[in-house]
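Engineer: Dumping the structure here so I can ask a few things about it.
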Amino acid sequence: MIVILKQNAPQQKVDELYELIRSKGLDIHTVEGEQDTVLGLIGDTFQLDIERLNQLDIVSAVRRISEPYKLVNRKFHNENSVITVENTAVGDGKFAVIAGPCSVETEEQIIEVAKRVKAAGATMLRGGAFKPRTSPYAFRGLKAEGIELLLEAKKATGLPIVTELTSLSHIDLFNDVDVIQVGARNMQNFDMLLELGKCDKTILLKRGLSSTIQEWLMSAEYIAAGGNNNIILCERGIRTYETATRNTLDISCVPVLKEKTHLPVIVDPSHATGYSSLVRPMSKAAVVAGADGLMIEVHNHPEKALCDGAQSVTPDQFDEIMADVKRLCQSEGR
Ligand code: PEP
Ligand code: MN
């Protein structure tokens with residue numbers, strides 16, 4: 001719900017209104033515009049009587065807005081959020097590319113891939129140290145050692161590192177990680193989201209396997225509600241009846257999100273399609289759809305990858321994708 005105050009409303013009455021709203025357990029996000037002061041009410045506003053609020057002489061209008069998310073809503077924050085990570089940024093109008101293997105496997109692998117993706121123009125390095133796997137018998141990552149190796153690769157290339165947190169019990173190992181990835185399977189792990197809201201690291205929030213855009217934005221709201229606004233959304237495909245691809249890339253979510261939220265949006269064509277041959281066309285689609293960046297799985301030997309080899313492109317293929325991406329970005333003046 002938003003409440004628009006009349007101009008020159010006496011401060012004492014404004015304070016009383018704040019007290020009334022807060023007494024209902026609601027938080028207030030105040031936006032002072034040039035003309036109007038707009039209060040965004042955060043929490044369960046259904047206990048507030050709209051008619052009564054409307055009648056207050058300091059109130060010019062009250063509107064229920066349909067979206068239950070406020071902090072990540074573009075209505076309250078019209079400018080695009082720019083998320084700065086070390087020496088780079090996401091959402092600043094340039095195109096960000098996060099690239100690297102599904103999982104960190106060896107020092108040689110991660111350093112080689114890091115150097116190649118950096119040379120091709122990637123802005124961050126990804127690599128899973130803790131892997132959420134459907135089978136308990138599959139490779140589940142090098143864990144703490146994987147994070148150490150990512151830090152080695154960062155030292156060698158200067159690329160900030162992105163890696164997934166699968167359980168809050170591992171959080172102490174993530175102190176030197178630049179971007180914490182919340183994977184599709186944890187998108188609605190609300191305790192994890194709340195906890196990540198209390199830190200100041202950038203959170204890469206992937207879309208849940210079967211989550212609607214609104215559910216996804218509500219998860220981002222959990223993080224923002226804790227005080228952390230450093231959030232990047234990542235579309236990674238959703239479950240549909242289609243079996244020709246691993247998931248279905250919901251490319252239209254990009255322009256939809258651009259309308260609904262100020263947070264940057266990137267696309268992961270690797271998990272979205274499941275096939276390396278589809279990564280290049282879908283990367284181009286992401287640029288044209290208005291995404292702020294991409295997250296691509298790159299492996300120096302995809303045929304030997306311990307995880308997601310079929311969807312991993314080689315460094316040479318990544319070079320070609322980057323050439324396409326740069327050409328498209330240039331033609332769009334980005
Ligand atoms: C990943 O990025 O390697 C991953 C496991 O992604 P998702 O959570 O989207 O399946
Ligand atoms: Mn993967």
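Engineer: Taking amide H atoms as placed 1.01 Å from N in the peptide plane, list the residues 5 or more away in sequence, or in a different chain, whose amide H sits under 5 Å from that of T261.
Structural biologist: R74
Engineer: Another question about this same structure. Considering only protein heavy atoms, with the full assembly of protein chains and a 1.4 angstrom probe, order F95, F318, F46 by accessible area, largest first.
Structural biologist: F46, F95, F318
Engineer: Only loop residues by DSSP count here, and only those with at most 10 other Cβ atoms within 10 Å; note down the GluC sites (Glu not before Pro) in the range 13-68 that meet that.
Structural biologist: Qualifying residues, ordered by number: E34.
Engineer: Once you keep just the Cα pairs under 8 angstrom separated by 6 or more residues, what percentage relative contact order results for the range 263-334?
Structural biologist: RCO, the range 263-334: 33 percent.
Engineer: Taking the range 83-331, how much of its Cα-Cα pair set, in percent, is spaced more than 22 angstrom apart?
Structural biologist: 48
Engineer: If you project the alpha carbons of the range 283-334 onto their three principal axes, what span does each projection cover, largest first, in Å?
Structural biologist: 39, 17, 12
Engineer: Mean-square fluctuation check for the chain, GNM, Cα pairs under 10 Å: which of G43, G146, G25 is largest?
Structural biologist: Of the options given, G25 has the highest mean-square fluctuation.
Engineer: Of V90, G100, T123, which is farthest towards the positive pole of the range 79-137's charge dipole, taken about the Cα centre with +1 and -1 on the beta-carbons of Lys, Arg and Asp, Glu respectively?
Structural biologist: Final value for the positive-end residue is G100.
Engineer: Among the listed pairs K94/K143; K6/K198; K118/K198; K154/K304; K24/K206; K6/K260, which have their C-alpha atoms separated by more than 28 angstrom in this model?
Structural biologist: Those over the limit are K94/K143; K6/K198; K118/K198; K24/K206.
Engineer: Still on this model: Pairs of Cα atoms under 8 Å, at least six residues apart: use those to get the relative contact order of the chain, whole percent.
Structural biologist: Relative contact order comes out at 15 percent.
Engineer: With springs only between Cα atoms under 10 Å apart, run a GNM on the chain and tell me which of V72, V256, V265 wobbles the most.
Structural biologist: The residue with the greatest mean-square fluctuation here is V256.
Engineer: Quick one: check the C-alpha center-to-center distance for the range 182-196 versus the range 220-255, whole angstrom.
Structural biologist: The range 182-196 and the range 220-255 have Cα centres spaced 13 Å from each other.
Engineer: Here's another thing I want to ask about it. For the range 274-291 and the range 293-309, what is the centre-to-centre distance using only Cα atoms, to the nearest Å?
Structural biologist: 15
Engineer: Quick test of your reading: applying the under-4.7 Å Cβ rule, which cysteines of the chain are isolated?
Structural biologist: That list is C199, C234, C253, C329.
Engineer: Here's a follow-up. From Cα pairs below 8 angstrom and at least 6 apart in sequence, can you work out the relative contact order of the range 2-63, rounded to a whole percent?
Structural biologist: Contact order relative to length: 47 percent.
Engineer: Ranked from highest to lowest mean number of other Cβ atoms within 10 Å per residue, what is the order of the peptides 86-93, 102-109?
Structural biologist: Going from most to least packed, we get 102-109, 86-93.
Engineer: Determine the dipole magnitude for the chain: charges of +1 sit on the beta-carbon of Lys and Arg, -1 on that of Asp and Glu, nothing else is charged, the reference point is the Cα centre, and the result goes in debye to the nearest 20.
Structural biologist: 560
Engineer: How much net charge surrounds A138 when only the other residues with a Cβ under 11 Å from the Cβ of A138 are counted, with Lys and Arg +1 and Asp and Glu -1?
Structural biologist: Result for the local shell: +2.
Engineer: For the chain, with the dipole built from +1 on Lys and Arg beta-carbon atoms and -1 on Asp and Glu ones, taken about the Cα centre, which of G290, S23, T202 lies farthest toward the positive end?
Structural biologist: With unit charges placed on the Cβ atoms, the residue in question is G290.
Engineer: So, one more: Taking the mean number of other Cβ atoms within 10 Å as a proxy for protection, how do you rank 299-310, 275-286 from highest to lowest?
Structural biologist: The densest-packed peptide leads the list: 275-286, 299-310.
Engineer: If you keep only loop residues by DSSP, which trypsin sites (Lys or Arg not before Pro) in the range 48-120 have at most 12 other Cβ atoms within 10 Å of their Cβ?
Structural biologist: Those satisfying the criteria are R64.
The values are calculated or read from the model by the stated rules, or taken from the named source; none is laboratory data. What you see is a predicted model; the values in this text were computed from it and never measured. Heads up, the Cβs are rebuilt from the backbone with ideal geometry, glycines too, and the neighbour counts pull from every protein chain shown. What goes into the accessible areas is simple: the full protein's heavy atoms, side chains included, and nothing from ligands, DNA or RNA. Shrake-Rupley method; radii C 1.70, N 1.55, O 1.52, S 1.80 Å.
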